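Sharing a structure with you now.
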Amino acid sequence: MHELGLMTGVMDAAVEAAREAGATRLLGVRVSIGEATEAVEDALVFAFEALAEADPFTQGATLDLTMIRPRSVCLECGHEFEHDLYNRSCPVCDSFATELLAGRELQIDSIEVDLPEE
């Protein structure tokens, strides 16, 4: 289950950023991940929730997850198109010479924290 490893990295980075900002608590994380990573959305959510509950600093934190569909460009005709994980041939010219443009990313878009009152 590589979803646990992915969410461990996300949680570590989010906690580090929250602590550096002086937060008292991590409230939520917004993440975008490409479908071509083959990560299962439900497993990502489960892993995040399990990790969040293990630490009082992150307990109750929410995950806002956006799955990004694979998108490629045809190297023969230049057509850009979305596709599933297994059918990357160009729908215009049927070429298999394509390059993946999106769908393998994993990025933290934002975090929500609780800051102490000053």
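If all Cα-Cα distances of the stretch 1-89 are sorted into 10 Å bins from 0 onward, what percent lands in each bin, rounded to whole numbers?
P(r) over the stretch 1-89, rounded to whole percents: 16, 40, 23, 15, 6, 1.
Now a separate question. Dipole of the chain, Cα-centred, from +1 at each Lys and Arg C-beta and -1 at each Asp and Glu C-beta, to the nearest 20 debye?
About 240 debye.
For the chain, what is the mean residue ellipticity at 222 nm derived from helices alone (per DSSP H run of n ≥ 4: -39500 (n - 2.57); sum divided by total residues; nearest 500 deg cm²/dmol)?
-9000 deg cm²/dmol
Can I ask one more? Counting only heavy atoms of the protein chains, get the accessible area per residue of the stretch 54-118 (1.4 Å probe) and round it to a whole Å² value.
68 Å²
Further question on the same structure: What share of the DSSP beta bridges in the chain is antiparallel, in percent to the nearest 5?
Taking every DSSP beta bridge with both residues in the chain, the antiparallel ones total about 70 percent.
Could I get the Rg over Rh figure for the stretch 43-118? Both from C-alpha atoms, Rh via Kirkwood, rounded to two places.
Radius of gyration relative to Kirkwood radius: 1.24.
With the chain treated as a Gaussian network of Cα nodes joined by springs under 10 Å, which of VAL92, VAL45, VAL31 yields the largest mean-square fluctuation?
Largest GNM mean-square fluctuation: VAL92.
Helix 41-53: angle to the longest alpha-carbon principal axis of the chain, degrees 0 to 90, nearest 10?
20 degrees
Go through the stretch 77-115 and name the chymotrypsin sites (Phe, Trp or Tyr not before Pro) that are in a DSSP coil and have 11 or fewer other Cβ atoms within 10 Å of their Cβ.
Taking the stretch 77-115 and a limit of 11 other Cβ atoms within 10 Å, the loop chymotrypsin sites (Phe, Trp or Tyr not before Pro) found are TYR86, PHE96.
Identify the GluC sites (Glu not before Pro) of the stretch 1-68 meeting these criteria: DSSP loop state and at most 16 other C-beta atoms within 10 Å of the C-beta.
Sparse-neighbourhood loop GluC sites (Glu not before Pro): GLU38.
Could I ask something else about it? Among LEU26, TYR86, THR98, pick out the residue whose Cα is farthest towards the positive end of the charge dipole of the chain, where Lys and Arg carry +1 and Asp and Glu carry -1 on C-beta, about the Cα centre.
Looking along the dipole axis, the top candidate is THR98.
Still on this structure, please answer the following. State, to one decimal in nm, how far the label point of LEU85 lies from the label point of ALA13, with both points 7 Å from Cα in the Cβ direction.
In this crude label model, LEU85 to ALA13 measures out at 2.1 nm.
The values are calculated or read from the model by the stated rules, or taken from the named source; none is laboratory data. Keep in mind that this is a model prediction, so the values were computed, not measured. Please note: Cβ atoms are built from the backbone with ideal geometry, for glycine as well, and neighbour counts cover all protein chains shown. To get the accessible areas, we keep the full protein, side chains included, count just its heavy atoms, and leave off ligands, DNA and RNA. Shrake-Rupley method; radii C 1.70, N 1.55, O 1.52, S 1.80 Å.
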